[in-house]
Amino acid sequence: MQYIIMLMIIVGLAAADYLTGIIKAYCKNEICSRKMRKGGLNKLGEIIVMTSACGLDIGINALGKYYESAELSAIAGKITAVAVFIYITVMEVISLFENYAEINPDAQWALKIIRKLKNFKEE
């Protein structure tokens, strides 16, 4: 169940980012099918990476039980899946706020959040 929740969050954020990107492009008269296609493929890539991380967690847990080191493998698998989840989530939220700040130039609060999130991402 935790994997489904992680994937649904990533899919939701990717869809929201893609849609805000389209709105931003429309507002700036920069709609380009090449950019939209590339953006869509990038989002698909993120979903594949997150799915792979969840699968890796499941596989590491199974191997840990097989080799009688279930606790160690459970920790390693969770760290992998959660690290990928956090990275993609932060990256998507930054992109969402960047899009929103360009859609609405009066949203200075969004720029402050972007700076904080970029510092978090770099750490």
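The values are calculated or read from the model by the stated rules, or taken from the named source; none is laboratory data. Quick caveat: nothing in here was measured; it's all calculated off a predicted structure. Quick reminder, even Gly has a Cβ in these numbers, built from the backbone with ideal geometry, and neighbours come from all protein chains shown. Please note that ligands, DNA and RNA were not included when accessible areas were found on the heavy atoms of the full protein model with its side chains. Shrake-Rupley method; radii C 1.70, N 1.55, O 1.52, S 1.80 Å.
Can residue 18 be described as over 18 Å from residue 102 (Cα atoms), among the hydroxyl-bearing types (Ser, Thr, Tyr), in contact (Cβ under 8 Å) with a residue 24 or more places away in the chain and open to solvent by less than 90 Å² (accessible area, probe 1.4 Å)? The answer is no for residue 18.
Restricting attention to region 66-82, does a residue exist that is assigned to a helix (DSSP H, G or I), more than 23 Å from residue 116 (Cβ to Cβ), touching a residue at least 24 places away in the same chain (Cβ under 8 Å) and open to solvent by 80 Å² or more (accessible area, probe 1.4 Å)?
Filtering region 66-82 down to residues assigned to a helix (DSSP H, G or I) leaves 66, 70-82.
With the extra rule that they be more than 23 Å from residue 116 (Cβ to Cβ), the set shrinks to 66, 70-81.
If we keep only those that are touching a residue at least 24 places away in the same chain (Cβ under 8 Å) as well, we get 80-81.
Checking the rest, the ones that are also open to solvent by 80 Å² or more (accessible area, probe 1.4 Å) come to none.
Checked against the condition, which is being assigned to a helix (DSSP H, G or I), more than 23 Å from residue 116 (Cβ to Cβ), touching a residue at least 24 places away in the same chain (Cβ under 8 Å) and open to solvent by 80 Å² or more (accessible area, probe 1.4 Å), region 66-82 yields no hits at all.
Hey, residue 6 hits all of (1) of a type outside the set (S, T, N, Q); (2) surrounded by 13 or more Cβ atoms within 10 Å (Cβ to Cβ); (3) more than 24 Å from residue 114 (Cβ to Cβ) but one; which does it fall short on? Residue 6 satisfies all of (1) of a type outside the set (S, T, N, Q); (2) surrounded by 13 or more Cβ atoms within 10 Å (Cβ to Cβ); (3) more than 24 Å from residue 114 (Cβ to Cβ) except (3). In this structure, residue 23 does satisfy being open to solvent by 30 Å² or more (accessible area, probe 1.4 Å), more than 21 Å from residue 84 (Cα to Cα) and either in a helix (DSSP H, G or I) or at pLDDT 90 or above (or both). When region 49-61 is limited to residues that are more than 11 Å from residue 84 (Cα to Cα) and of a type in the set (Val, Ile, Thr), the one that is most open to solvent (accessible area, probe 1.4 Å) turns out to be 58. Evaluating residue 76 against the criteria (1) hydrophobic (A, V, I, L, M, F, W, C); (2) modelled with pLDDT of 90 or more; (3) more than 18 Å from residue 93 (Cα to Cα) leaves one unmet condition, (2).
So that you can scan it fast, the table gives a plain yes or no per residue for (1) under 25 Å from residue 7 (Cβ atoms); (2) within 23 Å of the chain's Cα centre (by Cα); (3) not aliphatic (A, V, I, L, M):
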site	(1), (2), (3)
29	no, no, yes
37	yes, yes, yes
58	yes, yes, no
69	no, no, yes
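Inclusion of residue 111 among residues that are touching a helix residue (DSSP H, G or I) at 6+ places or on another chain (Cβ under 6 Å), hydrophobic (A, V, I, L, M, F, W, C) and touching a residue at least 24 places away in the same chain (Cβ under 8 Å) is not warranted. Just one of the numbered conditions (1) of a type in the set (Asp, Glu); (2) open to solvent by less than 50 Å² (accessible area, probe 1.4 Å); (3) not in a helix (DSSP H, G or I) is not true of residue 30: (2). The number of residues in region 83-123 that are under 18 Å from the mean Cα position of the chain (by Cα), exposed (fewer than 12 other Cβ atoms within 10 Å of the Cβ) and polar (S, T, N, Q) comes to 1.
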